[in-house]
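Every read-out reported here was derived from the displayed coordinates using simple, explicitly stated rules and does not represent laboratory data. Predicted model, so just to flag it, every value in this text is computed and none were measured. FYI the Cβ positions are ideal-geometry reconstructions off the backbone, even for glycines, and counts take in every protein chain you see.
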Amino acid sequence: MEIKLEKIILKDNKPQLVKDENIEEGKKLTLTYEILNKHNHSDDDNKLAITFDSLTSHDITYVGIIETAIASGLKEFPVPYVMTNCHNTLCAVGGTINEDDHVFAYSAAHKYGGIYVPASYAVIHSFNREMMSGVGKMIMGSDSHTRYGALGTMGIGEGGGEIAKQLLGRKYEINYPEVMLIYLSGKVKPGIGPHDVALKIISETYDKGILKNKVLEFVGPGIANLSQDFRNGIDVMTTETTCLSSIWECDEITQKYYEIHQRKDDYKELKSKDGAIYDGMIALDLNEVESMIALPMHPSLAMPINEFKKDPRKYLKEAEDRILSQTGTKIDLVSKVDEKGNVHTDQGIIAGCSGGINENIVVASKILDGKPIGNNKFTLNIYPDSMPSYYDLVNNGVQSKLLESGAIIREAFCGPCFGAGDTPNNGALSIRHTTRNFPNREGSKPQEGQACAICLVDARSIAATALNRGILTAATDIMDKDYVLPTYHFHKELYDNRIYNGFLKADTNYELIEGPNIKAWPSQEELKDNLLTKVITYLDDPVTTTDELIPSGETSSYRSNPLRLAEFTLSRRDPEYVSKAKAINGDNEELNNVLATLNNNGIEVTNYTLGSSIYANKPGDGSAREQAASCQKVLGGIANFAKEYATKRYRSNCINWGILPFVVDNKEDFNNAWIWISNIKEAINNENNIKAYSIKNNQIKEIKLSLGSLSKEEKDILISGSLINYYKNS
């Protein structure tokens, strides 16, 4: 794979370095510019104000979003808003509360004119691919894997606050993003799947940070050699590069996809233009991709399976050390290697928006061909990504072949992706074609001494491993030719019979049904003249994920109850965080000493906002969930201090919840420190070179802070104390 960070121009559909070309005009020839410009309502090409063709959320996020919008004056959904029920589908934790959320969404679809997808009918991104995408469209979702670029649709995953803005007719304000050319050539070998290609790209870019907040534009002759399902499977994983969005060239293969899904009018050809200029390039020969494995605990920790198998004890020991360092829990993975060097896995899962794609399951079935996976510990569970896909697998005999092999076929459900389904036993090694292998994404609880490990592997190699009774096997080792796949038939009537589409049919008199766990957001305080905060948690890991800020899994059942969910904040990284946050506003000797130190140094301590804060080197990688910020706010959080923020969406979540996203140079100034900032509102308007004081052990030190670039609206939101306050004030 070749990476270039210089300006690149396409000439005769081949990339080359820019020489004397007009860069600004060349940027306007990209597919990215074509789509963003169509949706931009700003007169400034560099400061965009975007509206979307549709919005989407699932049952972990839509309640909070709608409650935010209601508190801010919601009357009717202005664009189609899809609410799927694919995360808390099982309704197995917390009594009635999960199904109460589903009923809430159903009533909201009637009252405000939304689209309601019942539980088990489709995972969020599969439904949007099948029913809402369209060449040239834009979709915003409250899930980080909102990616439909391979279908010519720019998808952006953001926190709930940004969805609420769209529901209220506001704009999505961003600076014009840099655009990276992803130039594909060649053809994948038999046994290679979309996860292999995606993990290859992620492994060589994530640590370098070269794709952060950029748009990835997929171009090149290699695209024609990929099926549409294959493209979709690569595309959904671009989120793990921390890019903003993605877009692909669209051709007759894409056209066929829209025809199969009875939406031929949503297709138009989308081809790269001669003279298009990009901010850099990744060139990938698909023939060079090998069967990959991403080791715990990040998709970027990927390498070829056969390279891993040369010294599995070494790599598994490194994984053990990472798990211990990050979770404090010991796990024995090295013992999974037998005397012959074989790696024994305990569980295989093919699921969700990346793994549960129809073609992945069909090819897995072809590999297994009805042969048994055995009666040892190894299990294989498969989740088709939508009911039409499930129906097709039944009709063409794929499901029966998988059942003959001993696989378990489940419904459309995202649970294995975030720790709410198929949690393996303590000490297990699970291989999964899902989106992430972050800490505890398999559902374990390290605070209770539990530890499991996930490796990300393509469905093809999972099937090869199942065929080998759980011994890790690369699909390329057993496949020397591609299989002939059955024709896919999409049965739209399954959706027509069950999906409630209330767009443009809002019934304002319809009763909104709120179960006992659904609670409104507690009131938030506007900023006062000055700010005093204590850094109560200090995280020195290279990256902190949103899963660590607010755990996934069983906590998702409480995401409609802000106060109850907040009790889980940072529970897997700092179990004392909640009690420390609650203690900040109490009358305590430490606070009195800090105030005395400030006064003794001539700093007038009056009219100040008091709250807690955290320090992390690079927080916010992973999920778009706004609760990673709102839980902190509910407990009195007022600021974050960081070297940088992992994603734009997490920084936006902080801003929308009134948490000041400070950027700092010297992290030691924040370890167990109090921070004072005078004239905080003026500081927000100035953005950078903010004077502050760090107080530790009765010693005071002047420091400098930055807030980075903020729009006028973002400044007003921070000063108001939250997005809800901002809309009330407006």
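Counting Cα-Cα pairs of segment 530-729 in 5 Å increments starting at 0 gives whole-percent bin shares of 1, 8, 17, 21, 22, 16, 10, 4, 1, 0. In summary, the aspartates and glutamates within cross-link reach of LYS309, defined as a Cα separation below 18 angstrom excluding same-chain residues under 8 places away, comprise ASP196, GLU290, GLU318, GLU320, ASP332, ASP338, GLU339, ASP346, ASP458, ASP477. Taken as Cα centroids, segment 180-200 and segment 597-672 sit 39 Å apart, rounded to the nearest whole angstrom. Helix 97-112 and the long axis of the chain differ in direction by around 90°, with both axes built from C-alpha atoms.
Per residue, the convex hull around the alpha carbon atoms of segment 40-176 comes to 103 Å³. With each label modelled as a point 7 angstrom along the Cα→C-beta vector, the THR606-ASN426 pair spans 5.9 nm. Among THR537, SER612, VAL179, which residue has its Cα furthest toward the positive end of the charge dipole of the chain, with +1 on Lys/Arg Cβ and -1 on Asp/Glu Cβ? My answer, from the dipole projection, is THR537. Counting beta carbons within 10 Å around each of LYS11, LYS27 and listing the fewest first gives the order LYS11, LYS27. Footprinting exposure proxy ranking of LYS366, LYS633, LYS648, fewest other C-beta atoms within 10 angstrom first, gives LYS366, LYS648, LYS633. Helix 312-327 and the longest principal axis of the C-alpha atoms of the chain enclose an angle of approximately 30°. The residue among ILE3, SER54, PRO80 whose Cα reaches farthest toward the positive pole of the charge dipole of segment 1-85, with charges on the beta-carbon of Lys, Arg, Asp and Glu, is ILE3.
Bridges between two residues of segment 40-176, per DSSP, are antiparallel at a rate of about 30%. Once the Cβ-Cβ distance of LYS701 and ASP207 is raised to the sixth power relative to R0 = 35 Å, the FRET efficiency obtained is 0.60. Per-residue 3J(HN,Hα) values for segment 281-287, derived from phi via the Karplus relation 6.51 cos²θ - 1.76 cosθ + 1.60 with θ = phi - 60°, read 8, 10, 9, 10, 8, 4, 5 Hz in sequence order (x marks Gly and Pro). Alpha-carbon geometry of segment 327-480: the Rg and the Dmax are 15.0, 48 Å, given in that order. Under the convention that each Lys and Arg Cβ holds +1 and each Asp and Glu Cβ holds -1, the size of the dipole of segment 125-170 around its Cα centre is about 120 debye.
Sorted by mean Cβ packing within 10 Å, highest first, what order do the peptides 100-109, 139-148 take?
Ranking the peptides 100-109, 139-148 by packing returns 139-148, 100-109.
Helical runs (DSSP H, four residues minimum) scored at -39500 (n - 2.57) apiece and divided by the length of the chain put the mean residue ellipticity at 222 nm at -8000 deg cm²/dmol. Since only GLY602, GLY622, LEU512 are under comparison, the one whose Cα sits farthest along the positive direction of the charge dipole of segment 497-646, derived from C-beta charges on Lys, Arg, Asp and Glu, is LEU512. Where in segment 271-304 does the amide nitrogen come within less than 20 Å of the point 7 Å from the Cα of GLU25, taken along Cα to Cβ? From segment 271-304, the list is 272-279. Using only side-chain charges placed at the Cβ, +1 for Lys and Arg and -1 for Asp and Glu, the dipole size of the chain relative to its Cα centre rounds to 380 debye.
When the pairs LYS4/LYS208; LYS256/LYS505; LYS11/LYS47; LYS187/LYS366 are compared against a 24 Å limit on Cα-Cα distance, LYS256/LYS505; LYS11/LYS47 fall above it.
Evaluate E = 1/(1 + (r/R0)^6) for LYS528 and GLU589, where r is the Cβ-Cβ distance and R0 equals 22 Å; express this FRET efficiency to the nearest 0.05. Efficiency computed from Cβ-Cβ geometry: 0.45. The phi-based Karplus calculation (6.51 cos²θ - 1.76 cosθ + 1.60; θ = phi - 60°) puts the 3J(HN,Hα) values of segment 128-139 at 5, 4, 6, 10, 10, 5, x, 4, x, 8, 10, 10 Hz, whole numbers, x for Gly and Pro. Using R0 = 56 Å, the C-beta based FRET efficiency linking LYS691 and LYS317 works out to 0.75.
Taking only the C-alpha atoms of segment 619-692, Rg followed by Dmax gives 12.4, 34 Å.
Of all DSSP-defined beta bridges confined to the chain, some 40% are antiparallel rather than parallel.
Relative to its residue count, segment 279-416 spans a Cα convex hull of 176 Å³ per residue.
With both partners inside segment 530-729, how many of the DSSP beta bridges are antiparallel, as a percent to the nearest 5? Once the DSSP bridges in segment 530-729 are tallied, antiparallel ones form about 45 percent. Here the label points at LYS340 and SER227, each 7 Å from Cα along the C-beta direction, are separated by 3.2 nm in the simple model.
For the chain, the longest principal axis of the Cα atoms and the long axis of helix 589-600 meet at an angle of about 60 degrees.
Past 18 Å, Cα to Cα: identify those pairs from LYS534/LYS704; LYS212/LYS681; LYS27/LYS264; LYS214/LYS271; LYS528/LYS633, in the order given.
Correct reply: LYS212/LYS681; LYS27/LYS264; LYS214/LYS271.
The HN-Hα couplings worked out from phi for segment 660-665 by the Karplus form 6.51 cos²θ - 1.76 cosθ + 1.60 (θ = phi - 60°) are 6, x, 6, 10, 10, 9 Hz, whole numbers, x standing for Gly and Pro. Neighbour counting of Cβ atoms within 10 Å sorts the residues PHE52, PHE127, fewest neighbours leading, into PHE52, PHE127. For segment 40-176, the Cβ-based charge dipole about the Cα centre amounts to some 180 debye (Lys, Arg positive; Asp, Glu negative; other atoms uncharged).
Taking other residues whose beta carbon is less than 12 angstrom from the beta carbon of GLY622, and scoring Lys, Arg as +1 and Asp, Glu as -1, yields 0.
Would you work out if segment 78-133 is rounded, prolate or oblate? Take a ≥ b ≥ c from the square roots of the eigenvalues of the alpha-carbon gyration tensor; rounded if a/c is under 1.5, else prolate when a/b is larger than b/c, oblate otherwise. Walk me through the intermediate numbers first.
Details: a/c = 3.43, a/b = 1.34, b/c = 2.56.
The shape class here is oblate.
Length, then width, then depth: along the principal axes, the Cα atoms of the chain run 78, 61, 59 Å.
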